[in-house]
Every structure is written in structure tokens, then in C-alpha cells.
Amino acid sequence: METSGSFGTTRRKRRKRLHLYLIDDDHNTFEQVIYALQHVLPTCNALTAEQFAMIVHNVGEVELYSGFGNDVYIKYAQLQKLGLTVDIK
């Protein structure tokens, strides 16, 4: 008698990690970007927000946050509402 090896187990769908990027634009000042990042991202203090602003100014984009599901979309909407240009990849 042959068995297939799957005794009623169901496969769980893997969740995809989402990455939130800040894109450089010419409308926001450094102060606006730092303020928005400090208020939306939980682990972002003044120093890291300033570093993110400098990186995005010099490079063009920077990864701000990564996670699963709704929390990335909520942070995306909050940053867009504050006027920042953000993207999810």
C-alpha cells in the first residue's frame, strides 16, 4: 500500500515581505521629511530620520520599512497623506 506522505496536512501560503521606499522629490524640505518619518515610523528618531533624508537626497531612494501585510500599507498611506513620495516594492 502506497502513501503520498501528506496525511491531511494543508500547505500554508507564504506571506510576501513588502518593502516601503521613500523616493526623492523636489517639493519637500528636510524638516518636512524628518517630521513625517518621526511621526509615522515607530523606531525612527531625529537622527535616523535625518540620515534617511540625506540618503534619499543623495541616492534618490531609500528603504524605510519592511514587513508583512497591512502595517506596510498603513505606513504607506500615512506618509502619502503627509505629502511624501513613497513606493512599495
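No value in this document is a laboratory result; all are computed from the given coordinates. In this text, all values refer to a predicted model and were calculated from it rather than measured experimentally. Because the Cβ atoms are built from the backbone with ideal geometry, glycine has one as well, and the counts that use them run over all protein chains shown.
Annotations for the structure displayed:
- Derived scalar couplings between HN and Hα for segment 26-43 equal 9, 8, 9, 7, 4, 5, 5, 5, 4, 4, 5, 5, 5, 8, 9, 8, x, 9 Hz in order, rounded to whole Hz, by the Karplus curve 6.51 cos²θ - 1.76 cosθ + 1.60 (θ = phi - 60°), x for Gly and Pro.
- Couplings 3J(HN,Hα) of segment 51-64, computed from phi: 5, 4, 5, 5, 5, 5, 5, 7, 9, x, 7, 8, 7, 8 Hz, in residue order, whole Hz [Karplus 6.51 cos²θ - 1.76 cosθ + 1.60, θ = phi - 60°; x for Gly and Pro].
- Pairwise label distance in nanometres, Thr85 with Arg12, each label 7 Å out on the Cα-Cβ vector: 3.9
- Using C-alpha pairs under 8 Å with a sequence gap of at least 6, the mean separation divided by the residue count of the chain gives a relative contact order of 45 percent.
- Given their separation in residues at 0.36 nm each and the Cα-Cα distance between them, Tyr35 and Met54 gain 5.5 nm when the chain is fully extended.
- Taking the Cα centre of the chain as origin and assigning +1 to Lys and Arg Cβ atoms and -1 to Asp and Glu Cβ atoms, the resulting dipole is close to 800 debye.
- Along each principal axis, Cα extent of segment 19-86, largest first, Å: 29, 21, 20
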